[in-house]
Amino acid sequence: MPIGKILAGVLAPHPPHLVYADKTPRNEAQGECGWENLRWGYEKCRANILAMKPDVFLIHTPHWQTQVGHHVLGLPHFSGISVDPIFPHIFRYNYDFNVDVDLSLNIADEAKKKGLISKVMRNPDFRVDYGAITSLHLMNPDWNIPVVVLSANNSPYCSFDKVELGEMNLLGEATYEAIKKSGKRVVLLASVTLSHRHFVKEPEIVEDMSKEHTYSHAQYIWDMRVLKLMKEGRCKELLDIFPQFIEETMSEVQAGSLNWMLHAMGIPNYPAEIHGYGTVIGTGNAVVEWKHEQAMGANA
Amino acid sequence: MKTQSLISRSYIVPGQAQILLAKDRCLQWSSLSNSYERVRKEIIEANPDIIVYCSTQWISVLGYMVQGDPEVSGVHADHNWHELGSMDYTFKIDREFALTCADEITKLGHVCKAVQYRGFPIDTGTIVAQRLLNPDNRFASAMVSCCVYGDKAETMGIGRAITQALHLQNKKAVVVLVSNFSNHFFNKDVDPREDHIFSPKDDEWNKKMLGLLEKGALDEALAEVPNFAAQAKADMGFKGLWWLAGLYGSGNHFRGQVFDYQSVCGTGAAIVGLYPEKPVICEDAHAKSSSNHISSKAPEAVGPYPHARREGNLLFVSGIGPRVKGSKTIPGVELDAQGNVLTYDITVQTHSVFQNIKTILEECGSSLDKVVDCQVFLTNMKKDFATFNSVYREYFNSETGPTRTTVEVGSLPTPIAVELKVIARA
């Protein structure tokens, strides 16, 4: 069996607005348009990623929040309707996808070897969170590639500190070990927004782009600072500023998804490609691709 | 005015899946399940028209939501504790009441939507409470979300809006707040038989809050909410108590009963009954459109006028000076034996004025950050304006603060140098 590899890592944010504007028949609510910078960014990224012919999409999702341990979906198939509890008027998505259970189990095992708590979710009534569904739809709307879904052990009900971010780093390393052993060609998705302060009122027409703008200049400056580091391949520095970034913008990177992904990729020192940046109800979002296999060759 | 109480009782209950699905795994969870059963029997005796739920696990951020689907059913697996099994649920929702709640909340200036979507996620806490308190849908239900951004005044206002809706719909309710007390979870699996409160500090604070609730000391309990939140990571800042206080109305207290206090995975899980001492009536049904407020804490008025008057959603506060209730001395003023001013300190006086206004606003369910207009009366503009302005800046700024008019007056009714009159959102 060949050694498994990471083909790419993608910062793949999950505003449900993008699916709403995408007018997919899977979603019961359909907008007219909107957030094109991000949707077109996703289109470019998707074309690159699907051309790599991955075996699996592996996503870390902040909206599956777990108190005890890192959980993975552990049944071969999930279907149902995912309704966003905050934006139910725009996101009611009928999902139906397959899970790479072997890789899920391997990740859970490798995490345990690193001293982490991991659990396998085998309850068939479990509803997959809207964040994972959104990012996965935008990367592969045909859903013809199996996925692995990892929870975020960063519940807002727990105090958040560097220890938990450290756990995400270990989880990333465990993920890489599992991928290598699986022989699979994997794309990683970190499903997080950048700056995360947002408006608490929507425009009358949700997709009215004349009302969409960044929450504040300070938040925009932070996003640009973060994206510059990504673009220049300075991921070590990027990780170092996350605590301040989180503090000052309530950034969703606090979920640890980016820590996880960057550590799985050995903290890349090559430039990432930014496919798009835009705001959604004031939050800062970017679609960013690390072409890992291309940069690392045999070491991917 | 309706004299029958709109709310016969309310309960604070925990909403952990363990109590429903794993009660046999340890004495603590079993005890909570048994206490739930006692509450269920009390509710049957109370025979309400409706059970109103507010769960800290149903979070909203764009204002508020109420469940508007007349029949909600499904099967739920908890995101954390999915290994415990699934929970099926059915709610008979009083849609008309839900829509009235949404209207009343909207009238307060908040966004509020009645949601009616197939597959809309119902939170674990509400399901656990419904399964244990109203399993056969003997009583109709209502659900109101918990907005993460709601402050004390806003959250109390939401409570008042629910009471208003009960009044308008002529319903008698039992109210259920689904909330933990301390909310630190263990982040490792703990043998259920060894479950315990996360820390002695959490335990101490839980017992302190439970003691106040058992005494029925609502005001004291409310005053401790910020400390409780900071010291024991109380569930959603324990804002649920603000909500309950809003429902009960100003000046109402209750008889408290602690049915149980246990831990679930480290959190403080208590079941508490709160029985109002006087009938809960809809103050707002009459007071909302027009009512006067005479403060119990601010200095007495020097004429026949109230401290504040509510008109619709606005609160008009009378001119307020720096005096202190029950004291003849005036902060920042030194008088001679004849009552003439020897010296005065405009800084001290201005701070005292703000303190008095803050007190009155908060008694009325408003707050300084809801002030929309401010009139300032100074007795010596030339001497005091700059100093006054610097103190004023500590409370308001030009970006988010109220409009303001400042005038000099020949004198004020008492020997003070500054008086403020404000209009605020109620």
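Structure values in brief
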quantity	calculated
Alpha-carbon centroids, segment B:11-37 and segment A:214-266: separation in whole Å	41 Å
Mean Cα-pair separation over length for chain A, i.e. relative contact order, pairs under 8 Å, 6 or more apart, %	31 percent
Nearby lysines by direct alpha-carbon distance to B:Lys208 (threshold 26 angstrom, same-chain neighbours under 8 apart not counted)	B:Lys152, B:Lys233, B:Lys239, B:Lys278, B:Lys297
Kirkwood Rh, angstrom, the protein assembly as shown [1 / mean 1/r, Cα pairs]	27.8 Å
Helix axis angle, B:152-169 relative to chain B longest principal axis, alpha carbon, degrees	70 degrees
³J(HN,Hα), Karplus 6.51/-1.76/1.60, whole Hz, each residue of segment B:28-41, x for Gly, Pro	5, 5, 5, 4, 4, 4, 5, 5, 4, 5, 4, 5, 4, 5
Euclidean distance of C-alpha centroids, segment B:334-370 and segment B:84-135, integer Å	45 Å
Aspartates and glutamates with Cα under 14 Å of B:Lys107, excluding same-chain neighbours fewer than 8 positions away	B:Glu154, B:Asp284, B:Glu311
Relative exposure of A:His137, B:His196, B:His167, A:His89, judged by other C-beta atoms within 10 Å (fewest first)	B:His196, A:His89, B:His167, A:His137
Fewest-first sequence of B:Asp69, B:Asp94, B:Asp103 by Cβ atoms within 10 Å of each Cβ	B:Asp103, B:Asp69, B:Asp94
Total formal charge among the other residues, if their Cβ is under 15 angstrom from that of B:Ile271, Lys/Arg +1 and Asp/Glu -1	+2
Value of relative contact order over segment B:289-425, rounded to a whole percent, pairs C-alpha under 8 Å and six or more apart	30 percent
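None of the figures in this text is laboratory data; all of them are computed from the coordinates on show. Just so it is clear, the model here is predicted, and its values are computed rather than measured. With ideal geometry, Cβ positions are generated from the backbone for all residues, glycine too; neighbour counts draw on all protein chains shown.
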